[in-house]
Amino acid sequence: MRRLAAGNWKMNGDGAALAEVRALVASHPDPVCEMLLCPPATLLSRAAGAAAGGALALGGQDCHPRPSGAHTGDVSAAMLREAGATYVILGHSERRADHGEDDALVAAKASAALAAGLIPIVCLGETEGQRDAGETLDVVAAQLDGSVPDGAPPDRLVIAYEPVWAIGTGRTPTLPQITQVHAHLRARLCDRFGAAGSGIRILYGGSVKPDNAAAIFALRDVDGALVGGASLRAADFGAIVAALDAA
Ligand code: 13P
């Protein structure tokens, strides 16, 4: 499988930030891994223009489950596709928290994304309270079961494990803790998808930085990263891409 370094700009970035897109594309003309940035929807088509001819793919950060209609403020999967996206992040914990998104809605969005030709990156992860209560494996398994739609093609599906308490905090799970959750998700995917489950990419996300990326990428069943803050600067994200290429 081709591993994936994905950046999530969240609600950050304006026209001036396109300089970072250009710098990243110029510094990584031919990465071994797949390189993806998910800027805000307002920047998507301009980022696609800035990335044209390079090795950088683009993605959205959310989509509506319906293809079109009276849904003020929402963006459809087909709209993202037309703007230059090939991926879309779905079910990020910030959307689950800010907008009350549940597993069923995330699964519906993933179906819509697949129908529009996008690859969904389905996010899941436990809160700190859930980890302290020893519930992590049960929580992520239930999220995986509920958020991935039946019939999702394994080769067009990405899972991102992002512990909520590690996002934007500078804290990460220990390496054995990451390994344990990824192994659990892998087993669950193989139960559901058979042998093809071993080819589904499972990303780790939560305070991935240039200085911890190599250790995380060396772990079994870590097939890349979903990076927030460190994806905003081409130098930092490029260093993470290089670490994945070297792993
Ligand atoms: P940070 O890398 O800023 O912790 O964010 C992770 C994340 O939420 C990516 O989706």
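May I ask which residue of Leu203, His92, Val21 lies farthest towards the positive end of the charge dipole of the chain, with charges of +1 (Lys, Arg) and -1 (Asp, Glu) on Cβ and the Cα centre as origin? So the residue we want is Val21.
Between Gly60, Val75, Leu44, the Cα set farthest toward the positive side of the dipole of the chain (charges on each charged residue's Cβ, about the Cα centre) is that of Leu44. Note on the chain: dipole from Cβ charges, positive end direction compared against Ala234, Ile159, His184; the farthest Cα belongs to Ala234. Its Cα centre serving as origin, region 143-247 has a Cβ charge dipole (Lys and Arg +1, Asp and Glu -1) of approximately 100 debye.
Phi angles of region 236-242 translate, via the Karplus equation with coefficients 6.51, -1.76, 1.60 and θ = phi - 60°, into HN-Hα couplings of 5, 5, x, 5, 5, 4, 5 Hz per residue; Gly and Pro are given as x. Given a 1.4 Å probe and the protein chains as shown, Thr72 ends up with an accessible area of around 140 Å². Simple point charges give the picture: +1 on the Cβ of Lys and Arg, -1 on the Cβ of Asp and Glu, and for the chain a dipole about the Cα centre of about 500 debye. With contacts taken as Cα pairs under 8 Å and at least 6 residues apart, the chain reaches a relative contact order of 21 percent. Amide H contacts of Gly224: Leu4, Tyr204, each under 5 Å away and 5 or more positions distant or on a separate chain (H built 1.01 Å from N in the peptide plane; Pro and chain starts excluded).
Across the chain the C-alpha pair distances fall into 10 Å bins from zero in the proportions 8, 35, 39, 18, 1 percent. Backbone geometry of region 38-44 corresponds, through the Karplus equation with coefficients 6.51, -1.76 and 1.60 at θ = phi - 60°, to 3J(HN,Hα) couplings of 10, x, x, 4, 5, 9, 4 Hz, x marking Gly and Pro.
The values are calculated or read from the model by the stated rules, or taken from the named source; none is laboratory data. Keep in mind that what you see is a predicted model, and the values were worked out from it rather than measured. Neighbour counts are summed over all protein chains in view; Cβ atoms, including those assigned to glycine, are modelled from backbone coordinates with ideal geometry. Just so you know, the surface numbers come from the protein's heavy atoms only, side chains and all, with ligands and any DNA or RNA stripped out. Shrake-Rupley method; radii C 1.70, N 1.55, O 1.52, S 1.80 Å.
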